[in-house]
Amino acid sequence: MLQKLWLYHTNDLHSHFENWPKIAAYIEEKRQVHDQMLLFDIGDHMDRVNLVSEADYGKVNVKLLNQLGYDGVTIGNNEGITLPHEQLDQLYKDARFPVILSNLFEKGKRPSWAKPYDVITLKNGLKIAVLGVTIAYTPVYEKLGWDITDPFESIREMLQEVKGQADVIVLLSHLGIIHDREVAHDFPEIDIILGSHTHHLLEQGEMDNGVLLACAEKYGHYIGCVELTIDTASSELIEKKATVQSVDQLISESDEAITTLQKAERRAKSLMQEKVTSIKSKLETKWFDDSQLPQLLTDAIKEWCEADIGMMNAGMVLDSLEAGIVTREDIHRICPHPINPIRVTLTGKQLVETVSRGCEEKMEQLRIKGFGFRGELMGKMLYSGLTYSLEEGEAKRVKEVYVNGELIQEDVSYTVGTVDMYTLGSLFPHIRDHEHIEYFMPEFLRDVLSWRLKDAK
């Protein structure tokens, strides 16, 4: 006898709650239609760029997942490394679903709120083994007091543990499409990989080495579904196919989700009215010119990191601050990024090359997506404790660089306080490729800005 099982999945919502009421209504409707369905989230449901998630450190996200009756979730880097240790440890305290995560530890033990895998027994007796792993940003997790292990080794261990226990094996993977393909190559015994992290859209899935990969892009734009056909007599998986549903095409919205979000927004607004400081005159932000507020933050990063030099792009500060009382909401609005300060040591030669790269017009105009950045574009590169002159002509070529008033020496080492965004991608290779990067955590740039504003003259 052939039976169907539907696996619905969401990923990388990043607290884009505007789409959630439609997602909730759609899932509720599908529960009325299907005899057997399971629902999973693959991480980064929370993002502290949203005032609601910022105010209660993601607790409202868990409440929404509870309301919709998720059968399991794993965590993404936004849950894992943008929350202080204590807040992540408490995030799933009231969860009515398993957090399936095998490669995170604390002092050699898995946290109490995480399960290495889950075996779900369906009404017809079929067993579904669900594994979960998240991407290993090792230095950052260590700084926050967690031990993150290699996800591939963790998958290998969990497959040994569930061997013979299940008819179907599903992996919740917050690793990204490239790693998912590698997993499919290395572990063909996995039947389905529900993916995330790289925000890829697989409208009809992707078959790799007999493993079905599925992913539903980002921000709640889509809901993913994997339809399984199983021969119950032999427990054999006969067919598996993936589809996605565009949320834009949906009309119905969940009243319960709307009410929950409205209450959460009111509470967040109230909590975020907490006074940080008051300022006597406006602090202006300009992205392509010298301005007080981005420079103040650059100076603060230098001091916070106890570095020779501070370095930050002006686009990190989204707006000016008006005179008067400054609240947590104001600070969050102008600096919403889940970005931490870092300190690296560069030689004078590397520093000159980095400054030269920062001067390029294409760098200033660069529109950034990801890497923790929640703004629009890079803007002018600002420095504290460093000045430079340019050669004459249209091209912005760096002529001379001075550190604290002295001409830079190519073979001398200098400490640079800057932002962890530069450790990712191809923005500044000398920072990205540095062997020793010191992370200052759990404080974000907005925490450093609040610290500086409290005693700014």
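Set the Förster distance to 25 Å, then compute FRET efficiency between I325 and E86 from the Cβ-Cβ distance, nearest 0.05. Efficiency, from the Cβ-Cβ distance: 0.30. Rounded to the nearest 20, the size of the Cβ-charge dipole of the chain about its Cα centre is 1160 debye, with Lys and Arg at +1 and Asp and Glu at -1. Subtracting the Cα-Cα distance of E376 and K349 from their residue separation scaled by 0.36 nm leaves 6.7 nm. Grab the beta carbon distance between E360 and L407, set R0 = 30 Å, and tell me the FRET efficiency rounded to 0.05. The computed FRET efficiency comes out at 0.85.
Applying both filters, DSSP loop and at most 16 other Cβ atoms within 10 Å, to the trypsin sites (Lys or Arg not before Pro) of the stretch 52-116 gives K93, R96, K107. At what distance in angstrom do the alpha carbon centres of the stretch 382-455 and the stretch 286-310 lie from each other? Centre-to-centre (Cα) distance: 9 Å.
Within a Cβ distance under 10 Å of H197, other residues only, what is the Lys/Arg minus Asp/Glu net charge? Net of charged neighbours comes to -2. Gain on full extension, evaluated as 0.36 nm per residue between E303 and L2 minus their Cα-Cα distance, stands at 101.7 nm.
Taking label points 7 Å from Cα along the Cα-to-Cβ direction, R110 and S426 give a separation of 4.0 nm. Just check the stretch 341-429 against the gyration tensor rule for me: Cα atoms, a ≥ b ≥ c as the square roots of the eigenvalues, rounded for a/c under 1.5, and otherwise prolate or oblate depending on whether a/b exceeds b/c. Taking the square roots of the gyration eigenvalues as a ≥ b ≥ c, the stretch 341-429 is oblate. P(r) for the stretch 274-454, from all Cα pairs and a bin width of 10 Å, is 10, 39, 36, 13, 2 %, short bins first. Karplus-based coupling profile of the stretch 225-232, in residue order and whole Hz: 9, 10, 9, 10, 10, 10, 7, 5, with θ = phi - 60° in 6.51 cos²θ - 1.76 cosθ + 1.60 and x standing for Gly or Pro.
When the helices of the chain are scored as -39500 (n - 2.57) per DSSP H run of n ≥ 4 and the total is divided over every residue, the value at 222 nm lands at -8500 deg cm²/dmol. Of the cross-linked pairs K93/K263; K4/K93; K59/K115; K22/K269; K115/K163; K22/K263, those separated by over 22 Å at the C-alpha level are K4/K93; K22/K269.
Taking 0.36 nm per residue of sequence separation and removing the Cα-Cα distance, the N66/L250 pair yields an extension gain of 64.0 nm. Its relative contact order, with pairs defined as Cα atoms under 8 Å and 6+ residues apart, puts the chain at 15 percent. Across the stretch 254-311, the relative contact order, built from alpha-carbon pairs under 8 Å that are at least six residues apart, equals 15 percent.
List the lysines whose alpha-carbon lies under 27 Å from that of K349, not counting same-chain residues fewer than 8 positions away? Candidates past the 8-residue exclusion: K302, K362, K380, K396, K399. If only the Cβ of Lys and Arg carry +1 and only the Cβ of Asp and Glu carry -1, the dipole of the stretch 130-169 around its Cα centre is close to 60 debye.
Dipole size of the stretch 161-316 about its Cα centre, with +1 on Lys/Arg Cβ and -1 on Asp/Glu Cβ: approximately 1020 debye, rounded to the nearest 20.
Each value in this text was obtained by applying a stated rule to the coordinates, not by laboratory testing. Only a predicted model underlies this, so the values are computations on that prediction, with no experimental measurement involved. Positions of Cβ are backbone-derived with ideal geometry, glycine not excepted, and every protein chain shown enters the neighbour counts.
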